[in-house]
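Q: Take a look at the following structure, please.
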């Protein structure tokens, strides 16, 4: 062989191989969370298509695939996973098809979940043990296992077992039998008691907030009580910042001050930052507050097919003095109603925490073809009891009503003095857009000539709404309202206390307060009683949009022989930035010639 021939052969064998590009990688055999974890764990999926690979680099990644697939599926209980790799080439373009075989999963065949120590018999903690997953026979899911451990640890802290620690944490997997044994135990330690509560940063005088505490010093610690306290402070609307924490750095013992027997005891006590080991530990509560902006101004525009357009302004003085008094002024000017109101509120936290509220208001309202001018002075004692808002009222009301009846002007004045009792309750997973929730309102009020009223009357009413979501996109909305009046002279009962039906929040397909007994001109004059019910089905069609179909039935009536009006229709729902917007097209069924009516309403559903 000549020298030149040998040189050519050496150069040809030393020339680099053509660079490869990984064009695509497809995975079959798994989906859902397993596929998502594979997408996150496989290195080949992070190689850009434009990156050049050598044969050695590609081979390196392919060798790592079985181990990476196994590691990605083990957290889901699949310890025997495998993968078939189909590598296809089109010139320098490489496509990989991965067929993943999960294999049989590992299942829990035995488990021991224990609580040791003083909290072992705590019912709330025992229920957490019963909910521990995975159970015997279930696939060994690492995420369920870790979530269950975290839930128990969180439950221990929420119930005041601040010294709790895990005694054992063991999961033993036998691949040959595809079985797992779970063994976990906690030592609870003693349960802390509520210590003294200290408020800091409040603009209010010392001691004003103390009656709001839902717990007493010396009671067993329960974080749910701190959440109740937080909610109570939020509802006061005094503070911009509310932070409530147990202060474990200085938590002591109910037996603090005793003489130490040995130096070892002293050292043990000093080493325990949450109290003396053989005593009853207590956790002081620190409530850190920061004042909200003292004066809040508001202004807004609103529109409803019932109320028309209106402009409202308001001033809210969150606290007038260090005793927590509040002052509020609201005014509204609209197409059908103009009103102004002033309120002064005094906290009453010592017994049945709530408020004393005195209010003065004036309202001019269009009712049918008439007009009602109402002035009211009221004194209200309100309380919050077991998530119910309860108020007892005493009202002094002067009302002047004018309307045209059979081409003559009716002009009447009335003076009413009447007490009232009201209850309101709202439960919802989301107050603006609930998928599960309900609201109930009930009232009773009575006036008597003995109390200087112009008429003897008793009235009662109850209304409720119920919302329940099902599937991913559906909700059912039910609504009902009942009211009744018992009056010695109904003609002297002012329009503001009569019952009406029809409109956006009543029987759709009919005008606002259109239904009920009518006068000679065909205008509704109000009735003694009211009964309305509604059923609505809503389907979400986009993130912020839904459509609805509904049927409303009801009427305002004086006697049992009055018939109910029925309205049916379709609606569009928009989850706007300012709250739910409802646009409905409805038709009343009592008259074939009755047209379709538009209803627009903005505001919370409960």
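Q: Using only the alpha-carbon atoms, how far is helix 32-41 inclined from the longest principal axis of the chain? Give it as 0 to 90 degrees, nearest 10.
A: On a 0 to 90 degree scale, this one is about 50.
Q: In degrees between 0 and 90, to the nearest 10, how far off the longest principal axis of the chain does helix 3-14 point, with axes built from Cα atoms?
A: The angle comes out near 30 degrees.
Q: If each residue's Cβ is checked for other Cβ atoms within 10 Å, how do 296, 505, 475 rank with the fewest at the top?
A: 296, 505, 475
Q: Give the residues of the stretch 133-177 whose amide nitrogen is closer than 19 Å to a point set 7 Å from the Cα of residue 243 in the direction of its Cβ.
A: none
Q: Okay, next question. Label residue 558 and residue 590 with points 7 Å out from Cα along Cα→Cβ: what is the distance between them in nm?
A: Calculated label separation equals 1.5 nm.
Q: Would you mind getting me the FRET efficiency between residue 311 and residue 602? Use the beta-carbon distance for r and R0 = 25 Å, nearest 0.05. Walk me through the numbers on the way to the answer.
A: Details: r = 15 Å, r/R0 = 0.59.
For R0 = 25 Å, the calculated efficiency reads 0.95.
Q: What is the angle, in °, between the Cα long axis of helix 142-158 and the longest principal axis of the Cα atoms in the chain? Nearest 10 is fine, range 0 to 90.
A: The answer is roughly 50 degrees.
Q: Could you check the simple spin-label distance between residue 333 and residue 392, using points 7 Å along Cα→Cβ, in nm with one decimal?
A: 4.1
Q: Going by how many other Cβ atoms sit within 10 Å of their own, how do 27, 367 line up, fewest first?
A: Details: 27 19, 367 23.
Starting with the residue having the fewest Cβ neighbours, the order is 27, 367.
Q: Starting from 0.36 nm per residue, how many nanometres of slack lie between residue 210 and residue 298 once their C-alpha separation is accounted for? List each step's numbers first, then the result.
A: Values: separation 88, 0.36 × 88 = 31.68 nm, distance 3.11 nm.
In short, 28.6 nm is gained.
Q: Hey, with R₀ at 35 Å, roughly what FRET efficiency would residue 31 and residue 183 work out to, going by the Cβ-Cβ distance, to 0.05?
A: On the way: r = 33 Å, r/R0 = 0.93.
Taking R0 as 35 Å, the efficiency between residue 31 and residue 183 is 0.60.
Q: Please compute the contact order of the chain in relative form: average sequence separation of alpha-carbon pairs under 8 Å and at least six residues apart, divided by the residue count, as a percent.
A: Numbers: 1401 pairs, mean separation 37.8, N = 606.
The normalised contact order for the chain reaches 6 percent.
Q: Related question: Taking 0.36 nm per residue of sequence separation and subtracting the Cα-Cα distance, how much length would be gained by fully extending the chain between residue 533 and residue 476, in nm to one decimal? Don't skip to the end; give the middle numbers.
A: Details: separation 57, 0.36 × 57 = 20.52 nm, distance 1.36 nm.
Length gained, residue 533 through residue 476: 19.2 nm.
Q: What are the equivalent ellipsoid semi-axes of the stretch 18-101, built from the alpha-carbon gyration tensor (square roots of five times its eigenvalues), in whole angstrom, biggest first?
A: On the way: eigenvalues 115, 27, 24 Å².
The answer is 24, 12, 11 Å, longest axis first.
Q: A follow-up question, please. Could you work out the mean projected area of the convex hull around the alpha carbons of the stretch 325-424, in square nanometres to one decimal? If you can, show how the numbers build up before the last one.
A: Numbers: hull surface 31.1 nm².
About 7.8 nm², averaged over all directions.
Q: Return the whole-Å distance between the Cα centroid of the stretch 332-380 and the Cα centroid of the stretch 51-102.
A: If you average the Cα positions of each part, the centres end up 73 Å apart.
Q: Also, I was wondering about something else. Stokes-Einstein diffusion coefficient for the stretch 295-602 at 37 °C in a medium of 0.692 mPa s, Rh from the Kirkwood formula over Cα pairs: what value in µm²/s? It would help to have the intermediate numbers written out before the result.
A: Details: Rh = 21.3 Å.
Stokes-Einstein gives a translational diffusion coefficient of 154 µm²/s.
Q: I've got another one for you. So what's the gap between the Cα centers of the stretch 164-232 and the stretch 103-131, to the nearest angstrom?
A: About 19 Å separates the Cα centre of the stretch 164-232 from the one of the stretch 103-131.
Q: Let me ask something else. Add -39500 (n - 2.57) for each DSSP H run of 4 or more in the chain, then divide by its residues: what number comes out at 222 nm, to the nearest 500 deg cm²/dmol? Don't jump to the answer; show the numbers that get you there.
A: Details: 7 runs with 89 residues, N = 606.
Calculated from helices alone, the mean residue ellipticity at 222 nm is -4500 deg cm²/dmol.
Q: Expressed in nm to one decimal, what extension gain is obtained for the pair residue 67 and residue 423 from 0.36 nm per residue of sequence separation less their Cα-Cα distance?
A: Values: separation 356, 0.36 × 356 = 128.16 nm, distance 6.43 nm.
Residue separation times 0.36 nm, minus the Cα-Cα distance, leaves 121.7 nm.
Q: I'd like the FRET efficiency for residue 158 and residue 520, computed as 1/(1 + (r/R0)^6) with the beta carbon distance as r and R0 of 51 Å, rounded to 0.05. Please report the intermediate quantities before stating the final value.
A: Values: r = 68 Å, r/R0 = 1.32.
Here the calculated transfer efficiency is 0.15.
Q: So, in nm, how far is label residue 400 from label residue 51 when the simple model puts each one 7 Å beyond its Cα toward the Cβ?
A: 8.5
Q: Let me ask something additional. Could you give the Stokes-Einstein D for the stretch 68-161 in µm² per second, using the C-alpha Kirkwood radius, 20 °C, 1.002 mPa s?
A: On the way: Rh = 16.3 Å.
Calculated translational D: 132 µm²/s.
Q: Taking every Cα atom in the stretch 107-187, find the radius of gyration and the maximum pairwise distance Dmax, and write them in Å.
A: 12.9, 43
Read the figures in this text as sums done on the coordinates, not as results from a lab. The model shown is predicted, which means the values in this text are computed figures rather than measured ones. Glycine gets a Cβ as well: all are built from the backbone with ideal geometry, and neighbour counts include every protein chain shown.
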